[in-house]
Amino acid sequence: MPATEYSFLTHWTVPGTCPEVYDVLYDGTSLPRWWPSVYLETNVVNQGGPDGVGASMDFFTKGWLPYTLRWRSTITEVNRPDSFSLAAAGDLTGTGEWQFAQKDDNEVEILFDWRIRADKPILRSLSWLCKPVFSANHRWAMRKGEESLKLELLRRRALDEAARAAIPAPPQPTFWKAHAEDSRG
């Protein structure tokens, strides 16, 4: 595999049902609220067709390393509540597929297959040297995602505002502060 290409298979197990987990992960507009350690901003570009295919969003993301990424996600396949696939373009180019399987009445197994190429100039130029560090950055982001998803599912199931308020906030970004150059790319 060339130095700038990455292949990640992430496995999560969370309490819930496939439809509710699908709905949380499919809604890109809510990512900065419940997964703020990674998703700093999202912007809807296209609503897509009635089934969601063709929907696209611009993302401004980060991990624990001090760099940010701008990329566009376009939904390429929808199979609610079992899976959806996307194409990525921008600082990251490639494909991703989220798959959901009901483990039992109370748990969902989630697989995310992410096959990307690093196209951001700094990542492209340093991948030959820093690929293990960049890979660790991705694994950190996904651990924060699993933690944040579990908290979001608890928030959605809370019976009242008092119960919702008792749920901890999701992990926050490690270094990011809004700067004019960050918001413009």
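Worth a mention:
- Heavy-atom surface of the stretch 97-147, accessible at 1.4 Å and reported per residue (Å²): 56
- Relative contact order of the stretch 75-185: 13 percent, from C-alpha pairs under 8 Å at least 6 residues apart in sequence.
- Against the compact-protein benchmark of 2.2 N^0.38 Å, the Cα-based radius of gyration of the stretch 45-139 scales to 1.23.
- With a Cα cut-off of under 21 Å and a minimum spacing of 8 residues unless on different chains, the lysine pairs in the stretch 58-150 number 7.
- Calculated from backbone phi, Karplus (6.51, -1.76, 1.60) coupling profile of the stretch 125-137 in Hz, x at Gly/Pro: 6, 9, 4, 4, 9, 10, 3, x, 6, 4, 5, 5, 4
- Surface accessible to a 1.4 Å probe, D27 within the full protein complex, Å²: 60
- Per residue, the solvent-accessible area of the stretch 1-60 (1.4 Å probe, heavy atoms of protein chains only, all protein chains present) comes to 44 Å².
- Solvent-accessible area assigned to carbon and sulfur over the stretch 38-80 amounts to 48 percent, based on a 1.4 Å probe.
- With the simple model of a label 7 Å out from the Cα in the direction of the Cβ, D160 to D58 spans 4.4 nm.
- Surface accessible to a 1.4 Å probe, K131 within the full protein complex, Å²: 50
- Here the 3J(HN,Hα) profile of the stretch 48-64, calculated from phi with Karplus coefficients 6.51, -1.76 and 1.60 at θ = phi - 60°, is x, x, x, 8, x, 5, x, 4, 9, 9, 9, 10, 10, 10, 7, x, 8 Hz, Gly and Pro shown as x.
The values are calculated or read from the model by the stated rules, or taken from the named source; none is laboratory data. Predicted model only: the values in this text are computed from it and were never measured. All Cβ positions, glycine included, derive from the backbone under ideal geometry; neighbour counts span all protein chains shown. Just the protein is used for accessible areas: all its heavy atoms, side chains included, with ligands, DNA and RNA removed. Shrake-Rupley method; radii C 1.70, N 1.55, O 1.52, S 1.80 Å.
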